[in-house]
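Take a look at the structure below.
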Number of protein chains: 2
Amino acid sequence: MQLLPGFRDFYPEDCALRNYVFSVWRSVAARYGFVEYDGPVLEPIELYRKKSGGELVGQLFDFVDKGERHVSLRPEMTPTLARMVAARERDYKKPLKWFCAPSFFRYEKQQRGRLREFFQLNCDILGDPSPAADAELLALLIDLLRGFGLGPEDFVVRLSDRDAWLQFAQNKGVAVEKLGDFLAVVDKLERTQEADSRRKLGEFGVELEAVRAFIAAPEAEATKLQGIIADLKARGLDGYVTVDLTIVRGLAYYTGLVFEVFDRNGKERALAGGGRYDGLLELMSDGKVKMPALGFGMGDVVLANLIHEVPAAKAKCEAWLAANKAAEVYVVVAEEAQRHNALSIVQTLREEGWRTDFAFSAVKVGKQFQAAEAVGARFAVVVGAEWPEIKVKSLATRTECVVTKEHLSQQLRTLDV
Amino acid sequence: MQLLPGFRDFYPEDCALRNYVFSVWRSVAARYGFVEYDGPVLEPIELYRKKSGGELVGQLFDFVDKGERHVSLRPEMTPTLARMVAARERDYKKPLKWFCAPSFFRYEKQQRGRLREFFQLNCDILGDPSPAADAELLALLIDLLRGFGLGPEDFVVRLSDRDAWLQFAQNKGVAVEKLGDFLAVVDKLERTQEADSRRKLGEFGVELEAVRAFIAAPEAEATKLQGIIADLKARGLDGYVTVDLTIVRGLAYYTGLVFEVFDRNGKERALAGGGRYDGLLELMSDGKVKMPALGFGMGDVVLANLIHEVPAAKAKCEAWLAANKAAEVYVVVAEEAQRHNALSIVQTLREEGWRTDFAFSAVKVGKQFQAAEAVGARFAVVVGAEWPEIKVKSLATRTECVVTKEHLSQQLRTLDV
């Protein structure tokens, strides 16, 4: 009995790491006033055919269910979000600031940083067309990564503007219907041989030198990005971004701002990416709902790799894991005749919020102390023949004291500073 | 574009309720020293064919993937748990106390309390055969429901013992290989016409009266349950349980203790159910790993229905929701020229942990105060012409004061008591 390739078991130590990532995602998103939503894991396949575009549709885990519906595991969130918002947009004040952290499924070739089931934080702002919304989303993206202990020396957000590319392409006479194909060539520029790029661009009547000059001096075209950067500067976050027009993003639905986040070493795949998709809700609702929108996704796999590579981030993660071990208090039953009294102590401690464990059967006191260390307890509470006197021992400092049940929790709080 | 039948969208208000349920589940399980794990959403279908038994296998969302593997969305957790533990049982000290709260998928007819995608808390103790472990799991189950504000007048845990039924059946001459079929008749006793039950039991050579007498006076046979109840009594939790041998549980793999939780009004389906499955790991590992185990599942749908029906539980839920609204602080930009200073205030508040929101574009101050109320903020922080003086206003008490940036967070904490 084996796992499917590209899928993961989360043993407790793996799940704790995942919960750390989720807890930072959720707490930073909440500080930005984002509220959580979610959708179903399974959707009608038309939802993705309508929007996701070529590559993703080829990677769907799709099938026909027992009711003859052609369905698919979700490969991304944006179609579900667009469906949900289009259905009830009048129920919410604009702008909507929504996030979710679900799992996605893509039938991809396995490689470093790519799995077939992965988690991804999605953050979106809907109903606001302004560069101020662009800046808010980018600030959230930056503060999410800062929340993991990553700094400006560890990652950079590369900003680009599809509108600037649109204007460039129109100036060069590229037909509107060929814009997607043209941008696909630009998207692959860094990974393609110069002669190939030159030939492919030539098919659109554009010279490689013109593209390079545009990328090298984007200021004239990309003034919108300067306003966004000024907003980030007011927040003290401009040191995390750079303008880089080589970023165009693969998906067809982006308009305006697009961006990707990379680690400064360039060892990993993109940590996150997103942009504006001002036309998508109109497309999804067959013209009924027009709403500007932008968002990004940040996967868990590449992020976890980077956290392990950056010492400050690793230390922050490990401190969180150490503070969230299985138990804080271990109740040692030193005298089996006192088991029922020990159980009442266990119950009291748990009701007062202490993560508490104990041994189910009679084992030697030394073994129980070993078990206490194994579950990460900071305190042992020894119930024995001296009942109703109880011994409290700090496992770190080895200091001991004797208390009664009434003062137990208070004594633990005193020792716990 | 519609949702699939039996699946749910979680709009922010729905997701908040779900997060409330998850937060109680996670915090109570943690207090009991349980650690979280998870597995993949998709598994090879053999995993379920090997164990889950008749009804569940007929309800699978199964298909053949792009790599010709016959796979299924998970309908329950126990097979995945057994696979995981069997693979690495030597890496963990016994007993294992593990929980998870994943989504499951069953192609069922839609009805109240049943969906095709639902969440379910699973808690299991592995590696301990003692009634003390049985009692610990039941105590957790009870405290989970108490964690939602439910009391002994709201729910009851009905305890039964498959071993006692086994002995009864053997005494009556029921063949071992027919035990499952016999228990299936007992399981349906409450929902079946008397004449039908009499006829069906007759096929096993058992009289209805004998079954009824056994159910009515279980003490002689079910002494194991009395030890479990004594343990719960030491914790002050015996008022939540009752012995009821009509409970036998549908799944084939249960041994020993089995139990189900019902609301006292009997309006809802079972809130939770579980029991011992001491032979399952041996079955799953082809005899390699023998490990006693027990666990339960608690779904989100029936639980949420009950929370809404019980006033104390509803009040507790609503208090949590009120404390977790989108924002705590709303920064009002009273003077557009001060926007960049307002952004620096927003950033500072967020870095100090305040859930903070503001308007992206220039709107009237009154409108901004309305937006502050809409997102649930308790405070407005007004940045205007008086900068660097900032006005802080409590939206509940309408009290106001003036501070500088350095003292803002401290002032908010003072007002927030």
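Residues are listed down the side, and each one gets a yes or a no for (1) farther than 30 Å from A:Lys233 by Cα; (2) touching a residue at least 24 places away in the same chain (Cβ under 8 Å):
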{"site": "B:Leu280", "(1), (2)": "yes, yes"}
{"site": "B:Lys290", "(1), (2)": "yes, no"}
{"site": "B:Val302", "(1), (2)": "yes, yes"}
{"site": "B:Ala312", "(1), (2)": "yes, yes"}
{"site": "B:Val331", "(1), (2)": "no, yes"}
{"site": "B:Ala342", "(1), (2)": "no, yes"}
Residue list for region B:252-277, filter: in a loop (DSSP other than H, G, I, E, B) and in contact with a Leu (Cβ under 8 Å, 6 or more places away or on another chain): B:Tyr253, B:Glu268, B:Leu271, B:Tyr277
Within region A:275-304, tally of residues that are in contact with a strand residue (DSSP E or B) (Cβ under 9 Å, 6 or more places away or on another chain) and either of a type outside the set (Val, Ile, Thr) or modelled with pLDDT of 95 or more (or both): 18
Hits in region B:215-244 (condition: outside any helix (DSSP H, G or I) and over 28 Å from the mean Cα position of the chain (by Cα)): B:Ala217, B:Pro218, B:Glu219, B:Ala220, B:Glu221, B:Ala222
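Let's see how each residue does on (1) assigned to a helix (DSSP H, G or I); (2) facing another protein chain (nearest Cβ under 8 Å); (3) within 20 Å of B:Asp143 (Cβ to Cβ):
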{"residue": "B:Arg18", "(1), (2), (3)": "yes, yes, no"}
{"residue": "B:Trp25", "(1), (2), (3)": "yes, no, yes"}
{"residue": "B:Ala30", "(1), (2), (3)": "yes, yes, yes"}
{"residue": "B:Gly33", "(1), (2), (3)": "no, yes, yes"}
{"residue": "B:Pro40", "(1), (2), (3)": "no, yes, no"}
Candidates B:Arg162, B:Arg116, B:Arg106, filtered to the one that is closer than 30 Å to B:Glu43 by Cα and without any contact (Cβ under 8 Å) to a residue 60 or more places away in the chain: B:Arg106
Conditions (1) part of a helix (DSSP H, G or I); (2) without any contact (Cβ under 8 Å) to a residue 60 or more places away in the chain: number failed by B:Val382: (1)
Matching residues, region A:60-90, being more than 10 Å from chain B (Cβ to nearest Cβ) and surrounded by fewer than 19 Cβ atoms within 10 Å (Cβ to Cβ): A:Glu68, A:His70, A:Glu89, A:Arg90
Odd one out for A:Glu136 among (1) at the interface with chain B (Cβ under 10 Å from one of its Cβ atoms); (2) more than 30 Å from A:Lys314 (Cα to Cα); (3) crowded, with 20+ Cβ neighbours inside 10 Å; (4) touching a residue at least 40 places away in the same chain (Cβ under 8 Å): (2)
B:Phe379 vs. criteria assigned by TED's automatic domain parsing to the domain that holds B:Glu335, within 37 Å of the chain's Cα centre (by Cα) and modelled with pLDDT of 95 or more: yes
Search result, residues across region B:176-204 that are assigned to a loop (DSSP other than H, G, I, E, B) and over 17 Å from B:Arg249 (Cα atoms): B:Gln193, B:Glu203, B:Phe204
Filtered residue count, region A:180-220, keeping only those that are among the basic types (Lys, Arg) and on the phi > 0 side of the Ramachandran plot: 0
Number of the condition not met by A:Pro5 [criteria: (1) more than 7 Å from every other protein chain (Cβ to nearest Cβ); (2) over 19 Å from B:Asp65 (Cβ atoms); (3) not in a helix (DSSP H, G or I)]: (2)
Region B:346-362, residues that are more than 14 Å from B:Gln410 (Cβ to Cβ) and either of a type in the set (Val, Ile, Thr) or within 7 Å of chain A (Cβ to nearest Cβ) (or both): B:Val346, B:Gln347, B:Arg350, B:Arg355, B:Thr356, B:Asp357, B:Phe360, B:Ser361
3 or more residues under 30 Å from B:Ala135 (Cβ atoms): qualifying strands (runs of 3 or more DSSP E) within region B:285-367: B:293-299
Some residue of region B:46-57 being assigned to a helix (DSSP H, G or I), of a type outside the set (D, E, K, R) and at the interface with chain A (Cβ under 9 Å from one of its Cβ atoms): yes
Some residue of region B:263-270 being farther than 20 Å from B:Met84 by Cα, touching a strand residue (DSSP E or B) at 6+ places or on another chain (Cβ under 7 Å), without any contact (Cβ under 8 Å) to a residue 40 or more places away in the chain and assigned by TED's automatic domain parsing to the domain that holds B:Lys97: yes
Subset of region B:205-214 [assigned to a loop (DSSP other than H, G, I, E, B) and either surrounded by 17 or more Cβ atoms within 10 Å (Cβ to Cβ) or outside the structural domain of B:Trp165 (by TED's automatic domain parsing) (or both)]: B:Val206
Within region A:107-120, considering residues that are touching a Pro at 6+ places or on another chain (Cβ under 8 Å) and at pLDDT 95 or above, the one surrounded by the fewest Cβ atoms within 10 Å (Cβ to Cβ): A:Glu117
Answer from A:Ala213, A:Ala230 - the residue that is within 14 Å of chain B (Cβ to nearest Cβ) and without any contact (Cβ under 8 Å) to a residue 40 or more places away in the chain: A:Ala230
Out of A:Gly256, A:Gly202, sole residue that is surrounded by fewer than 14 Cβ atoms within 10 Å (Cβ to Cβ) and either small (Gly, Ala, Ser) or outside the structural domain of A:Glu55 (by TED's automatic domain parsing) (or both): A:Gly202
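The values are calculated or read from the model by the stated rules, or taken from the named source; none is laboratory data. Bear in mind that the values here come from a model prediction, so they are computed numbers and not experimental data. Quick reminder, even Gly has a Cβ in these numbers, built from the backbone with ideal geometry, and neighbours come from all protein chains shown.
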